[in-house]
Amino acid sequence: QVQFVESGGGLVQPGGSLRLSCAASGMIFSIYTMAWYRQAPGKQRELVAIITSGGSTNYADSVKGRFTISRDNAKNTVYLQMNSLKVEDTAVYYCKIPNSSLGSWGQGTQVTVSP
């Protein structure tokens, strides 16, 4: 059974930083592209960042230059380093294999950016 467990969220002031982690289990982690998504209150879930099995990355325009996605295949973990956080980054953050029915959405981790 494929599972994703997100952690590392919290309350931070604008301009601050957080590092999110997502631990995957029940799969051969290293062969899959992984992605971070977020869902703000009253909005649809959106793709934030993606990293391929080979380490290539891509980002939503809204986070480009501020967020960095990375992975540690030895730990079956994908990370999201978030710098220069803005109020509009407030959301629940999730990780998942993009465009795949493999694994379900986890509980996510709440990120709140507030003065």
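Some observations on this one:
- Candidates are the residues of region 1-20 that are among the polar types (S, T, N, Q) and part of a strand (DSSP E or B); the one that is surrounded by the most Cβ atoms within 10 Å (Cβ to Cβ) is SER7.
- Of all the listed residues (ALA23, ALA35, ALA49), the sole one being open to solvent by 30 Å² or more (accessible area, probe 1.4 Å) and either basic (Lys, Arg) or outside any loop (DSSP other than H, G, I, E, B) (or both) is ALA23.
- Flag if ALA24 is touching a Leu at 6+ places or on another chain (Cβ under 7 Å), small (Gly, Ala, Ser) and farther than 14 Å from VAL111 by Cα: no
- VAL63 part of a strand (DSSP E or B), among the aliphatic types (A, V, I, L, M) and free of Cβ contacts under 8 Å to residues at least 60 places away in the same chain: no
- Scanning region 64-73 for residues that are farther than 12 Å from LEU20 by Cβ, modelled with pLDDT of 95 or more and touching a helix residue (DSSP H, G or I) at 6+ places or on another chain (Cβ under 7 Å) turns up at least one hit.
- Condition met for VAL92 (closer than 21 Å to VAL2 by Cα and modelled with pLDDT of 95 or more): yes
- Some residue of region 34-48 being touching a Gly at 6+ places or on another chain (Cβ under 7 Å), under 19 Å from VAL111 (Cβ atoms), touching a residue at least 12 places away in the same chain (Cβ under 8 Å) and of a type in the set (Val, Ile, Thr): no
The values are calculated or read from the model by the stated rules, or taken from the named source; none is laboratory data. Just so we're clear, the structure is a prediction, and the values are computed from it rather than from any experiment. Cβ sites come from the backbone with ideal geometry, for glycine too, and all protein chains shown count toward neighbours. Ligands, DNA and RNA are stripped out before the accessible areas are found, and what is left, the full protein with its side chains, is counted by its heavy atoms. Shrake-Rupley method; radii C 1.70, N 1.55, O 1.52, S 1.80 Å.
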